[in-house]
Amino acid sequence: MIYSRLTVTPSPTATREAVSAALFIAGSEGILEDGDRLISVFPDAAVADDAVREVLTVDAEARIERETFEPGDYDAAWRAGVEPRWVGRLRIAPPWRADEGDPARTLIIEPGTGFGTGEHETTRCALLLLQDEVRVGDRVADLGCGSAVLAIAAARLGAARVVAIELDAEAIPNAEENVRLNAAADRVVVIEGDAGALVPLLAPLDVVVANIISSVLVQLLPVLRPALAPGGRVVVSGVLVSERAAFLEWLAVEGWHVARETAEGEWWAAVLTTEAAA
């Protein structure tokens, strides 16, 4: 069997979500996001052919690069596409590249089914903002934790207790493995479940980070308010830049204040508080 590796760069007029969906429909078992590129490996040339057709159906101008390799080279081909990445003061690295940098500033993340290897803009925006919000001894919740990279970062930044909540059962093993790789099990616990139902049980919380799409954030934020400790902060990410104005209007009506904000690519993120700045 000859494996095929497809590297797809969506055109400016297409959405990454549509291209990702096309790859999954064609039979992809996982997608690595590397900047603007989407990388997927297929164990059959015919399936890879189907994937190319599916991608071009939703994005006729997508740039597609194709490589083939023997089964014995599968692991090496996959690993070659995963590079360490600096986000602010912290470095995200796969286990096989973890020892190349300062351990105190390195987050070891095993690429898996959990979203959050640092290759997506929303993860980087959330991680960048989080670095100036977590204080020593804080109680933190990571909602929709994916790979648990943000939960692990909170622990590395000094949080005393971090609860990482994920609804997708398939992402839980990857999150738990990453917590173990970072020797953070004494401070980070991964829970499968609905964040809206679990957050009230975790109060009071000093920091909540939620890297989730805006429609879900709108549902969660009213639940988060009573769970925050005095002076509590919420880091939200996953809002499109095009949605920013409408989202800000909704926040103002709901009594939230934007303390800081950032953006990368088409994504926007912010630190929210229930208290106006002095």
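The values are calculated or read from the model by the stated rules, or taken from the named source; none is laboratory data. Everything quoted here is computed from the prediction, not taken from an experiment. Using ideal geometry, Cβ is built from the backbone for each residue, glycine included, and neighbour counts are taken over all protein chains shown. All accessible areas refer to the heavy atoms of the entire protein, side chains included, with ligands and DNA or RNA removed. Shrake-Rupley method; radii C 1.70, N 1.55, O 1.52, S 1.80 Å.
Go ahead and set up a Gaussian network model of the chain, Cα springs under 10 Å, then flag whichever of I152, I25, I172 fluctuates most. Among I152, I25, I172, the largest GNM mean-square fluctuation belongs to I25. Average accessible surface for region 168-278: 47 Å² per residue, computed with a 1.4 Å probe over protein heavy atoms with every protein chain in place.
Please give the Cα centre distance for region 145-160 versus region 123-144, rounded to the nearest Å. Each part's Cα centre sits 7 Å from the other's. Residue separation of F24 and F69 scaled by 0.36 nm, minus their Cα-Cα distance, works out to 14.1 nm of gained length.
Check each of the GluC sites (Glu not before Pro) in region 9-48 and keep only those in coil by DSSP with at most 14 other C-beta atoms within 10 angstrom; list them in order. Could you put the intermediate results ahead of the total?
On the way: sites: E17, E29, E33; in loops: E29.
Here the sparse-neighbourhood loop sites are E29.
Once the convex hull of all Cα atoms in region 206-278 is built, its volume per residue stands at 80 Å³. Extending 7 Å from Cα along the Cβ direction at V253 and again at E266 yields two label points whose distance is 2.5 nm. Stretching the chain fully between E17 and W86 yields a gain of 22.4 nm (0.36 nm per residue, less the alpha carbon separation).
Accessible area of the chain with a 1.4 Å probe: how many percent of it is carbon plus sulfur?
Values: 6730 of 12420 Å².
Roughly 54 percent, rounded to a whole number.
Each of (1) 23.0; (2) 18.6; (3) 19.5 is a candidate for Kirkwood radius over Cα pairs in Å; the one calculated from this structure is (3).
Counting only heavy atoms of the protein chains and using a 1.4 Å probe, D186 has close to 120 Å² of accessible surface.
With a Förster radius of 51 Å, plug the Cβ-Cβ distance of E170 and E275 into 1/(1 + (r/R0)^6) and report the FRET value to the nearest 0.05. Walk me through the numbers on the way to the answer.
Working: r = 38 Å, r/R0 = 0.75.
So the FRET efficiency works out to roughly 0.85.
Among DSSP bridges having both ends in the chain, what percentage is antiparallel? Round to the nearest 5. Write out the running numbers ahead of the final one.
Details: 31 of 54 bridges.
Antiparallel bridges make up about 55 percent of those DSSP assigns within the chain.
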